[in-house]
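The values are calculated or read from the model by the stated rules, or taken from the named source; none is laboratory data. Computed from a predicted structure; not experimentally measured. Because the Cβ atoms are built from the backbone with ideal geometry, glycine has one as well, and the counts that use them run over all protein chains shown. Accessible surface areas use protein heavy atoms only, side chains included; no ligands, DNA or RNA. Shrake-Rupley method; radii C 1.70, N 1.55, O 1.52, S 1.80 Å.
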Amino acid sequence: MHTNDSMSQNEEIRDDLAALQERLSYILDQNRPEAVEKRHRKGQRTARENIADLVGDQPLVEYGSLLLAAQRGRKSLQELIEQTPADGLVSGIANVNAELFDEDRAQCMVMSYDYTVLAGTQGAFNHQKTDRMLGIAAKMKLPIIFFLEGGGGRPGDVDFYPISVGGLDLMTFTAFAGLSGRVPRIAVVAGYCFAGNAALAGSADVIIATENSSIGMGGPAMIEGGGLGSFHPKEIGPSEVMSKNGVIDILVKDEAEAVEIAQKYLSYFQGPIKDWKCADQSALRALIPEDRKWGYDVRKVVHALADKDSVLELRAAFGKAMLTFFARIEGKPIGIIANNPRHLGGAIDGEASDKAARFMQLCDAFGIPILSLCDTPGFMVGPDCEAQGMVRHASRLFVVGAALRVPFMTIILRKGYGLGAMAMAGGSFHKPLFTIAWPTGELGAMGLEGAVQLGFKKELASIEDPNQRQQLYDQLVEQAYEQGKAINAASVMEIDEVIDPKDSRTWITMAIKAKSSSAAKGRFVDCW
């Protein structure tokens with residue numbers, strides 16, 4: 001990052017250097033106290049404050065800091081210097097998580113729209129700078145952390161007219177999208193993020209957004225201009241809505257937490273770490289209730305399995321029947337998908353299917369092994385579900401699962417029934433490097449209760465006494481349960497093994513040492 005180094009009191013500063021230092025005083029916000037104070041009054045930080053927090057004591061090698069808005073035809077040069085430093089985009093290369101990784105792994109492209117400059121809008125030179133930085137990120141294979149608060153395109157840059165009319169030939173959006181699957185791309189959103197800024201956020205691998213954020217493909221002016229009504233910015237894509245509908249991957253309190261989570265998220269893509277600890281694995285034995293009808297918190301299983309303090313959940317408020325996490329096992333990054341028995345009994349609906357399929361794509365694109373924790377009665381069914389396109393949503397799991405090139409593992413915690421269970425194993429119990437079960441595991445072509453009701457419909461219907469009918473039903477369910485126990489499935493090689501839960505990490509560490517396919521990187525990741 002630019003700095004004004006202290007100089008000897010006797011050292012004479014040349015006029016050209018003094019001119020540069022004067023310009024830097026605006027670029028670094030030292031001569032913009034009103035703009036900074038206005039930002040702080042809103043409870044938010046400046047672009048440079050966020051970047052300083054992100055990189056710590058590491059320098060930012062900044063590009064394009066001397067740019068000004070393309071408005072010389074309507075404002076004086078001094079006004080532009082004071083009001084539009086860096087044309088509203090701070091960008092450069094720095095080390096992130098330098099305390100964990102060497103420079104080869106820590107180097108990162110850092111970019112931030114500056115809301116104190118024309119509301120973080122995307123100007124003409126601003127776009128040129130963005131394209132330049134994205135090109136460099138592609139050449140150097142750098143991950144990108146992009147702070148995207150801003151109002152979208154800027155119509156006030158008059159200097160380029162009539163050379164440019166709509167500016168629709170710029171390459172920013174295709175350049176950023178073209179890096180999908182090639183480098184990790186992290187979008188951080190605080191406050192308002194509309195139009196072009198939102199398009200970049202939606203193209204990123206992950207959106208980390210604060211509680212005060214609003215994200216939309218059109219801001220208030222565009223909506224009103226289209227005759228669709230007048231709305232306050234907070235009414236357009238508020239965080240509560242956007243976290244529930246899956247747009248926001250990780251919802252955080254403020255920019256400080258957003259930076260912390262961005263660092264943690266990036267770390268999984270920077271590779272293994274040396275220092276790690278884990279919980280006493282014997283605790284896993286007690287996390288699944290003995291009564292098969294009781295629910296439990298599968299998040300506790302994930303946290304107990306993974307290294308301590310290594311778990312990060314994505315899209316927690318969306319597709320609640322499926323949970324997705326990044327974590328570490330013995331310091332090595334891993335992706336985890338898990339059925340949630342506390343929502344729909346673990347049945348996989350359309351949202352859950354999309355959520356898991358997209359997460360699996362993300363892991364596969366960057367060579368991160370995947371662990372599947374299966375406890376599902378199958379796919380969600382019914383007229384309402386099918387009306388929402390369940391056939392297509394569910395089938396994504398099979399298509400993505402079949403194409404996986406990274407080590408893939410399945411542990412059946414309890415229920416493993418039907419097509420849903422097969423989907424949790426990439427399409428077949430023999431697709432993963434291993435499919436194992438805990439002693440609580442139970443398998444079948446469909447849920448036990450449903451199988452009994454369908455398979456013994458006539459027998460049950462022939463019994464007039466309801467108590468006797470229930471007695472037979474319970475007996476048949478118990479017989480089916482005994483037959484479907486995981487230990488029986490293992491005896492015919494339908495699964496590989498039934499294990500003591502405390503041995504799960506031994507299996508996982510064995511599998512994640514397997515090498516991915518030679519082409520295990522480079523596929524784009526679906527935005528949804």
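Amide H neighbours of R315 under 5 Å, counting only residues 5+ apart in sequence or on other chains, H built in-plane at 1.01 Å? For R315, whose amide H was placed from the backbone, the distant partners under 5 Å are I250. If you wrap the tightest convex hull around every Cα atom of segment 153-202 and split its volume per residue, you get 94 Å³.
For the residues T435, T440, a 1.4 Å probe over the protein chains yields an accessible-area ranking, largest first, of T440, T435. Think of a 1.4 Å ball rolled over the protein heavy atoms: segment 360-440 then has 33 Å² of accessible area per residue. Just so you know, the averaged projected area of the alpha carbon convex hull for the chain sits at 30.3 nm². Largest accessible area first, the residues K42, K277, K502 order themselves as K277, K42, K502 under a 1.4 Å probe with ligands, DNA and RNA left out. What figure in square angstrom, to the nearest 10, would you give for the accessible area of D157 with a 1.4 Å probe? In the full protein context, D157 sits at about 20 Å².
In the chain, the calculated helix contribution to ellipticity at 222 nm averages -10500 deg cm²/dmol per residue, counting -39,500 (n - 2.57) for every DSSP H run with n ≥ 4. The slack in the chain from R72 to D254, taken as 0.36 nm per residue of separation less the alpha-carbon distance, amounts to 61.9 nm.
Against the criterion of solvent-accessible heavy-atom surface with a 1.4 angstrom probe, I273, I13, I136 sort, most first, into I13, I273, I136. As a fraction of the 1.4 Å probe accessible area of segment 299-447, surface on carbon and sulfur atoms comes out at 57 percent.
Among the lysines of segment 406-528, pairs at least eight places apart or on separate chains and with Cα atoms under 29 Å apart come to 17. Rolling a 1.4 Å probe over the protein heavy atoms gives segment 13-58 an accessible area of 58 Å² per residue. Each residue of segment 485-495 was assigned a 3J(HN,Hα) from its phi angle through the Karplus expression (A = 6.51, B = -1.76, C = 1.60, θ = phi - 60°), giving 4, 4, 5, 6, 4, 5, 6, 10, 6, 6, 10 Hz with x at Gly and Pro.
Measuring with a 1.4 angstrom probe and ignoring ligands and nucleic acids, Y481 comes out at about 50 Å² accessible.
The share of alpha-carbon pairs in segment 416-528 lying farther apart than 17 Å comes to 67%. Across the alpha-carbon atoms of segment 1-131, the computed radius of gyration and Dmax are 15.8, 49 angstrom. Peptides 359-369, 402-412 ranked from most to least packed by the mean count of surrounding Cβ atoms within 10 Å: 359-369, 402-412. In terms of the mean number of neighbouring beta-carbon atoms within 10 Å, the peptides 282-295, 80-93, 184-197 order highest first as 184-197, 80-93, 282-295. In this structure, the amide hydrogen of M380, modeled 1.01 Å from its nitrogen in the peptide plane, lies closer than 5 angstrom to those of I348, D349, counting only residues at least 5 positions away or on a different chain.
With the simple model of a label 7 Å out from the Cα in the direction of the Cβ, R342 to D309 spans 2.4 nm. In order along segment 298-310, phi translates into HN-Hα couplings of 5, 4, 5, 5, 4, 5, 6, 5, 7, 4, 4, 6, 9 Hz, rounded to whole numbers, per the Karplus curve 6.51 cos²θ - 1.76 cosθ + 1.60 with θ = phi - 60° and x for Gly and Pro.
Treating each Cα of segment 123-213 as one equal point scatterer and applying the Debye formula with no solvent, the log10 of I(q)/I(0) at q = 0.15, 0.21 Å⁻¹ comes out as -0.59, -1.05. The phi-based Karplus calculation (6.51 cos²θ - 1.76 cosθ + 1.60; θ = phi - 60°) puts the 3J(HN,Hα) values of segment 496-502 at 7, 5, 10, 10, 5, x, 5 Hz, whole numbers, x for Gly and Pro.
Heavy-atom accessible area for H303, with the other protein chains in place and a 1.4 Å probe, reaches approximately 100 Å².
With N as its number of residues, segment 265-359 has a Cα radius of gyration that, divided by 2.2 N^0.38 Å, comes to 1.14. Carbon-plus-sulfur accessible fraction, segment 180-288 (probe radius 1.4 Å, protein heavy atoms only): 56%.
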